[in-house]
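Colleague: One structure, pasted below without further comment.
Please treat every number below as a calculation from the coordinates, not as lab data. These numbers were taken from a predicted model, which means no experiment stands behind them. All Cβ positions, glycine included, derive from the backbone under ideal geometry; neighbour counts span all protein chains shown.
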Amino acid sequence: MADELKHGLLAAELEAGEFLETDAAPEERRVERQYCVFRAGRERFCFSVLEVEEVVDWPLVTRIPLSPAFLMGVFNLRGTIVPLIDIAFTEGRRPGLLPRHVVVAALEADPQRGVMRLGIAADEVIGTFSASEDALLDQAPADVPHCRGMLRHEDRLALVVDLRRLTDVFPVPVI
């Protein structure tokens, strides 16, 4: 009799909709992703936090002779040589004024090479932000080919960097 009573209570709760909350929730919930937002030059950029391996203070950088203008050099990150690029080099940095941070991004390369790490010079790391799909704009400025859209945050826009496009636009030598 106790089992019949429990079964009757569960049936009544189901009819009342008490357990149907999980069915309605996916329609109301929006998928949110987290982004690491940083400033390079005058622009704000961002990556998905899943692509950011870490943020480090400005390291000791070894310059590479005859390298392209965007390649600031390489640095040692716990035994791994990481190329350091400046995605704001077109604006021209003031001589002697170095960025303060490096955002280290990881990109899955082909199975033979494994993970490719790439350092991006950042003047300021603004923080991480959660954003739903409606905060993303699919269009990026035409003169920024390494970006795939823009993210709205704090009444500002940040360019969403596409790592694959970034390595096409700023090809770094394999080290």
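Colleague: Please report I87, I81, I64 as a ranked list, fewest other C-beta atoms within 10 angstrom at the top and most at the bottom.
Modeller: On the way: I87 23, I81 11, I64 16.
Placing the least packed residue first, the sequence is I81, I64, I87.
Colleague: Also, I was wondering about something else. Compare the peptides 48-54, 70-76 by average per-residue count of other Cβ atoms within 10 angstrom and give them in order, highest first.
Modeller: Values: 48-54: 15.6, 70-76: 18.0.
Highest mean packing first, the order is 70-76, 48-54.
Colleague: Among L137, A105, C147, whose Cα sits farthest toward the positive end of the charge dipole of the stretch 103-168 (+1 at Cβ of Lys/Arg, -1 at Cβ of Asp/Glu, about the Cα centre)?
Modeller: The residue sitting most towards the positive pole is A105.
Colleague: So what's the stretch 31-169 giving for Rg/Rh, alpha carbon basis, Kirkwood Rh from the mean inverse pair distance?
Modeller: Numbers: Rg = 14.7 Å, Rh = 15.5 Å.
That ratio equals 0.95.
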